[in-house]
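A short write-up of the structure that comes next.
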Amino acid sequence: MATESWTTRGLRDWMRGFMQQKGIESASACADLLLAHVAGCERMHLYMEPERPWTPDELAVLRALVARAARHEPVQYLVGSWGFHAADFEVAPCTLIPRPSTEALVDAALDWVGQQPAGSVRSAIDLGTGTGCIALSILRGLRGRQRKDRVLARAVRSGTPESVDDAEGIEAQPGEPSAARVACAEPDALPSFVLTDLVPEAIELARRNAQRHALSERCAFRVGDAWSALERTDGPFDLVVSNPPYISDAEFADLAPNVAEWEPRTALHGGADGLDVVERIVQGAMGRMRPGALLLVEIAASQERAVVDLARTCGFTDPVVLRDSDHLPRVLRALTPA
């Protein structure tokens, strides 16, 4: 890419063709994301000003990013943030990039917490937190629900149902509160979350994301391998969530280059059958959870039967595997006996 006069339209056309030649998946989307990142605008704005000229400094930055993208470096790492569950999170090569399939785990947690008495879910843990997107998305969802509850509660007390309109758009999540819950909604009843990760850089990343979403006060951060990271005062837990490494040897060999060559193997590979870390999490969970607590663990679709049998053997009740947005088996859901 030379430094002669370039417009947004010309850059997009050239980048799309170049990335297709290099075998980059979703070349058009990748081009738009890099252009918007360097221009400091939303993707839609690119289409509003297709003839916008680019400065030499912008072209130099873009050229370096395109070269990295051509080596299959994930565009998420290049732009430094990625969307997950209606929020943006900082991302970095020290840990996994958030994926839509993991949102099924967050939704399952929010649905279950919404069915519990207000304030009864007090302590939670995210094992192998990475960016922190799971724990922080759960907290964001609960915070938005509480804000909505308070607006509705004020409307009930004042007898002015039109005030309910004020609650629209406040981080609403699945599972509307019942009238009884609305009437007695307690403010600031978010659970305390422990976030663990084996990689210190990932913990610092999760810490920054917690600050980004004004949730630092609800989070404690621990460096270590799964349960071994806990301090003596951590737990017992009402909610345990995890997206552990679960890719088997056979599945790892088939991963796309932008995953296998750039995302950390320690966050992907789970041993010969992919269950090494999953087993440690499920086996260690029962002794660290309260009666009637919920366990949610992301898994590979091929592991559905094995993890249900594992959870049942460990004493969990009603273990099932929930499906993700692609209708694939994705999240082990199990309860401790009440």
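The values are calculated or read from the model by the stated rules, or taken from the named source; none is laboratory data. Owing to the predicted nature of the structure, the values given are computational and were not obtained by experimental measurement. Virtual Cβ from ideal backbone geometry, glycine too; neighbours counted across all protein chains shown.
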| task | Please determine, by comparing only the residues of the range 72-89 that are out of contact with any Cys (no Cβ under 7 Å at 6 or more places or on another chain) and part of a strand (DSSP E or B), which one is farthest from Phe18 (Cα to Cα). | result | Ala87
| query | Quick one: which of Ala64, Ala92 is farther than 30 Å from Gln146 by Cα, assigned by TED's automatic domain parsing to the domain that holds Pro236, outside any strand (DSSP E or B) and hydrophobic (A, V, I, L, M, F, W, C)? | reply | Ala92
| Which residues, counting only those in the range 205-226, are more than 16 Å from the chain's Cα centre (by Cα) and under 16 Å from Ala135 (Cα atoms)? | Ala214, Ser216, Glu217, Arg218, Ala220, Phe221, Arg222, Val223, Ala226
| field | Index of the failed condition, Glu263 passing every other in (1) assigned to a helix (DSSP H, G or I); (2) in contact with a Leu (Cβ under 8 Å, 6 or more places away or on another chain); (3) not hydrophobic (A, V, I, L, M, F, W, C) | value | (1)
| message | Taking the conditions exactly as written (farther than 30 Å from Val259 by Cα and hydrophobic (A, V, I, L, M, F, W, C)), does Ala153 satisfy them or not? | response | yes
| message | Suppose we filter the range 307-322 for residues that are on the phi > 0 side of the Ramachandran plot and either in contact with a strand residue (DSSP E or B) (Cβ under 9 Å, 6 or more places away or on another chain) or in a helix (DSSP H, G or I) (or both); how many remain? | response | 1
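If I go through the range 36-74 residue by residue, how many of them are of a type in the set (Lys, Arg), within 26 Å of Gly130 (Cβ to Cβ) and touching a residue at least 40 places away in the same chain (Cβ under 8 Å)?
The initial filter retains those residues of the range 36-74 that are of a type in the set (Lys, Arg), namely 43, 52, 63, 68, 71.
When the remaining residues are screened for being within 26 Å of Gly130 (Cβ to Cβ), the result is 43, 68, 71.
Filter once more, so that each one left must be touching a residue at least 40 places away in the same chain (Cβ under 8 Å): none.
Qualifying residue count, the range 36-74: 0.
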| message | Can you tell me which of (1) farther than 22 Å from Leu255 by Cα; (2) surrounded by 14 or more Cβ atoms within 10 Å (Cβ to Cβ); (3) outside the structural domain of Val223 (by TED's automatic domain parsing) is the one Met48 doesn't meet? | response | (2)
| said: Restricting to the range 231-260, and then to whatever is part of a loop (DSSP other than H, G, I, E, B) and acidic (Asp, Glu), can you tell me which residue is nearest to Ser137 (Cα to Cα)? | reply: Asp234
| note | All-but-one check, Tyr77 against (1) under 24 Å from Cys133 (Cβ atoms); (2) assigned by TED's automatic domain parsing to the domain that holds Ile134; (3) surrounded by 15 or more Cβ atoms within 10 Å (Cβ to Cβ), failing number (2)
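Residues Ala124, Ala153, Ala135, Ala118: which one is part of a helix (DSSP H, G or I) and in contact (Cβ under 8 Å) with a residue 40 or more places away in the chain?
Ala135
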| request: Could you tell me whether the range 15-26 includes any residue that is assigned to a helix (DSSP H, G or I), surrounded by 14 or more Cβ atoms within 10 Å (Cβ to Cβ) and touching a Lys or Arg at 6+ places or on another chain (Cβ under 9 Å)? | output: no
| remark: The condition of being under 27 Å from Glu90 (Cα atoms), assigned by TED's automatic domain parsing to the domain that holds Val91 and not β-branched (Val, Ile, Thr) holds, among Ala214, Ala250, only for Ala214
